[in-house]
1. Give me the Kirkwood hydrodynamic radius of the stretch 55-122 in Å, from all C-alpha pairs, to one decimal place?
2. So what's Rg/Rh here for the stretch 2-67, counting alpha carbon atoms and using the Kirkwood radius for Rh?
3. Of the peptides 67-73, 107-113, how do they stack up when ordered by the mean number of other Cβ atoms within 10 Å, highest first?
4. Cut-off is 10 Å between beta-carbons; in what order do 27, 58 appear when sorted fewest neighbours first?
5. If you rank 63, 80 by fewest surrounding Cβ atoms within 10 Å, what's the result?
């Protein structure tokens, strides 16, 4: 049932994009994929898609669920590393309180969070992260920087 709902929802989105061919297909991954499916290597327009509707739907599901899982893993590791390094947790908390006060963060205040936004997981000193060294997670953390 859920599979059918997701498929119908994605099909409606894709068909709406295809119907708006005069204004392009969008500037996101779906729009780029549709553009590629309807353009020859010479840049000419095709009359039909090079991928089937099911293939396009499968690609959309892959992008969505892979992105969701990646974000989930990143947040889990961030929480883990903050719990391992409480001094950094306190340092980042102080920056958030200093810039945001008791208010919810806005786009403007998020831009002011230099330590939080520019360091990401890089704020964990890799040389002191024994867990990371033992479990070979330096590559994972370095890729996030």
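1. Mean inverse Cα-Cα distance, inverted, gives 14.0 Å.
2. Looking at the stretch 2-67, the ratio lands at 0.97.
3. Final packing ranking: 107-113, 67-73.
4. 27, 58
5. Fewest to most other Cβ atoms nearby, the residues stand as 80, 63.
Rule-based calculations on the coordinates, nothing more; no lab input. All figures in this text were calculated on a predicted structure; none of them were measured in a lab. For neighbour counting, all protein chains shown are included, and Cβ atoms are generated from backbone atoms with ideal geometry for every residue, glycine included.
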